[in-house]
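The values are calculated or read from the model by the stated rules, or taken from the named source; none is laboratory data. As the structure is a computational prediction, the values presented were derived from the model and not from experiment. Note that each Cβ is placed from the backbone with ideal geometry, even for glycine, and that neighbours are counted across all protein chains shown. Ligands, DNA and RNA are stripped out before the accessible areas are found, and what is left, the full protein with its side chains, is counted by its heavy atoms. Shrake-Rupley method; radii C 1.70, N 1.55, O 1.52, S 1.80 Å.
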Amino acid sequence: MLVLGIESSCDETGIALYDTERGLLAHAVHTQVAMHEAYGGVVPELASRDHIRRLIPLLENVLAEAGATHKDIEAIGYTAGPGLAGALLVGASFAEALALALDIPALPIHHLEGHLLSPLLSKDPATFPFIALLVSGGHTQLMCVTQVGAYELMGESLDDAAGEAFDKTAQLLGLGYPGGPALAKLAEQGTPGKFKLPRPMLNSGDFMFSFSGLKTAVLTAVRERTLTEQDKADLATEFQEAATEVVATKALAACRQRRLSTLVVAGGVGANQRLRQRLDLAAVKQRVRVCYPEMALCTDNGAMIAFAAAQRLLADKAETANRNGAFAVKPRWPLATI
Ligand code: KG4
Ligand code: ZN
């Protein structure tokens with residue numbers, strides 16, 4: 001079965017074709033980073049307009065790469081939330097209209113379910129059950145996953161998401177948007193321990209997170225004195241050490257608590273090399289297998305949405321929109337409720 005995936009929840013337009021027998025046939029992502037850079041963050045209206053411009057050319061490219069035509073598509077999965085309402089509506093209306101024209105099902109997919117299942121697209125995929133660590137720009141969550149559609153929330157951030165903390169800290173250090181990769185790069189030049197930052201909720205005994213205090217501690221350090229370029233690198237390093245220590249420690253504690261030996265890491269912050277290093281080191285000691293998505297599938301993409309839709313169809317858990325042509329997007333949508 002050939003499934004088209006459409007992602008448009010934020011600042012990336014992603015299109016992909018996934019075949020349940022042959023795997024991922026083609027995928028393409030257009031990132032709007034350059035467009036939003038001047039504003040220091042995503043401008044929702046500009047994001048929506050750009051998704052409109054990109055969807056059809058990307059679809060044509062992906063079809064050509066896969067050697068397929070519109071008529072070969074048998075189902076469509078699209079991100080219905082969470083995300084920016086206008087941006088979601090662009091992808092949703094495109095997907096629903098195409099599905100109506102082709103007389104095939106359209107499946108509204110939860111963006112985080114896409115991220116969470118994306119490591120299963122790897123060559124040597126994870127198997128159920130597993131603990132999922134979701135670390136993106138909007139979410140920091142630990143979930144216990146027993147099968148497709150069974151996502152138990154174990155803990156999440158009380159305030160900022162991990163990616164958001166990376167982005168805000170990067171902004172305080174005068175780095176561009178998106179800050180996560182820029183901060184990680186600067187951190188390579190710094191020395192850990194030159195600054196002392198807190199490890200919020202490291203010993204809270206649960207799976208909750210908090211990153212706003214860490215960001216405030218960076219703000220205090222920035223205001224205390226004029227920082228040299230080396231100071232900034234040292235501060236970036238210490239921030240990365242603090243954030244990744246908390247995330248890695250809690251993720252491995254979740255595996256221990258549930259006696260599970262597979263940890264799946266998903267979301268943009270999962271691309272952070274220091275986080276991967278910490279998880280891999282601790283996992284060897286704890287005999288846990290850590291599974292990551294392919295690098296290109298760590299950040300937002302259509303492949304994870306096509307894959308999640310295909311898994312739902314295979315597991316007979318496909319919910320399609322009302323066949324009167326009515327559909328809705330959900331800018332706020334807790335994953336544990338699906
Ligand atoms: O999953 P994602 O692409 O989009 C959301 O659904 O939010 O994640 C984007 C987030 C941003 O906050 C970005 O700064 C962060 O992931 N990020 C990173 C790295 N690459 C992306 N954070 C730390 N280190 C990285 N290498
Ligand atoms: Zn995402």
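At-a-glance table
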{"item": "Check: segment 188-274 dipole with +1 on Lys, Arg Cβ and -1 on Asp, Glu Cβ, in debye", "result": "360"}
{"item": "Positive-end residue of VAL265, PHE211, PHE239, charge dipole of segment 128-292 with Cβ unit charges", "result": "VAL265"}
{"item": "Nonlocal amide H pairs with VAL290, under 5 Å, H built at 1.01 Å", "result": "LEU263"}
{"item": "Given charges at beta-carbon only (K, R positive; D, E negative), |dipole| of the chain in Debye", "result": "960"}
{"item": "Cross-link partners of LYS232 among aspartates and glutamates (Cα-Cα below 12 Å; sequence separation of 8 or more within a chain)", "result": "GLU188"}
{"item": "Inter-centroid distance (Cα atoms) of segment 240-294 relative to segment 171-188, Å", "result": "22"}
{"item": "Separation in nanometres of the label points that stand 7 Å from Cα toward Cβ, at GLU245 and ASN61", "result": "4.2"}
{"item": "Estimated D of segment 1-148 in µm² per second, where Rh is the Kirkwood radius over Cα pairs and Stokes-Einstein applies at 25 °C, 0.890 mPa s", "result": "152"}
{"item": "Positive dipole terminus of the chain, leading residue within ALA92, VAL329, ALA132 (C-beta point charges)", "result": "ALA132"}
{"item": "Normalised convex hull volume, segment 223-302, alpha-carbon set, Å³ per residue", "result": "127"}
{"item": "Amide hydrogen neighbours beyond the local backbone of PHE209, cut-off 5 Å, H modeled", "result": "GLU156, SER157, LEU158"}
{"item": "The chain: radius of gyration and largest Cα-Cα distance (Dmax), Å", "result": "20.0, 64"}
{"item": "Listed residues TYR78, GLY40, GLY174: farthest to the positive end of the dipole of the chain (Cβ charges)", "result": "GLY174"}
{"item": "Listed residue pairs exceeding 19 Å between alpha carbons, taken from LYS196/LYS250; LYS71/LYS123; LYS250/LYS330; LYS250/LYS285; LYS194/LYS215; LYS185/LYS285", "result": "LYS196/LYS250; LYS71/LYS123; LYS250/LYS330; LYS185/LYS285"}
{"item": "Pairwise label distance in nanometres, ALA328 with LEU202, each label 7 Å out on the Cα-Cβ vector", "result": "4.4"}
{"item": "Table column - 3J(HN,Hα) (Hz), segment 278-291, Karplus curve with 6.51, -1.76, 1.60, x for Gly and Pro", "result": "4, 5, 5, 4, 5, 5, 4, 4, 8, 6, 10, 8, 9, 10"}
{"item": "Ordering of 235-244, 195-204 by burial proxy (mean other Cβ atoms within 10 Å per residue, highest first)", "result": "235-244, 195-204"}
{"item": "In sequence order, calculated HN-Hα J values of segment 76-82 (Karplus, 6.51, -1.76, 1.60; Hz; x Gly/Pro)", "result": "10, x, 9, 6, 9, x, x"}
{"item": "Reduced Cα scattering model of segment 128-292, Debye log10 I(q)/I(0), q = 0.14, 0.17, 0.19 Å⁻¹", "result": "-0.66, -0.94, -1.14"}
{"item": "Amide H within-cut-off set for LEU25, under 5 Å, with H built and near neighbours excluded", "result": "LEU17, TYR18, ASP19"}
{"item": "Ellipticity estimate at 222 nm from DSSP helix runs (n ≥ 4, -39,500 (n - 2.57)) divided over the chain, nearest 500", "result": "-13500 deg cm²/dmol"}
{"item": "Solvent exposure, largest accessible area first (probe 1.4 Å, DNA, RNA and ligands not counted), of LYS123, LYS317", "result": "LYS123, LYS317"}
{"item": "DSSP-defined beta bridges in segment 128-292 - what % are antiparallel, rounded to 5", "result": "60"}
{"item": "Of all DSSP beta bridges in the chain, antiparallel share, percent nearest 5", "result": "60"}
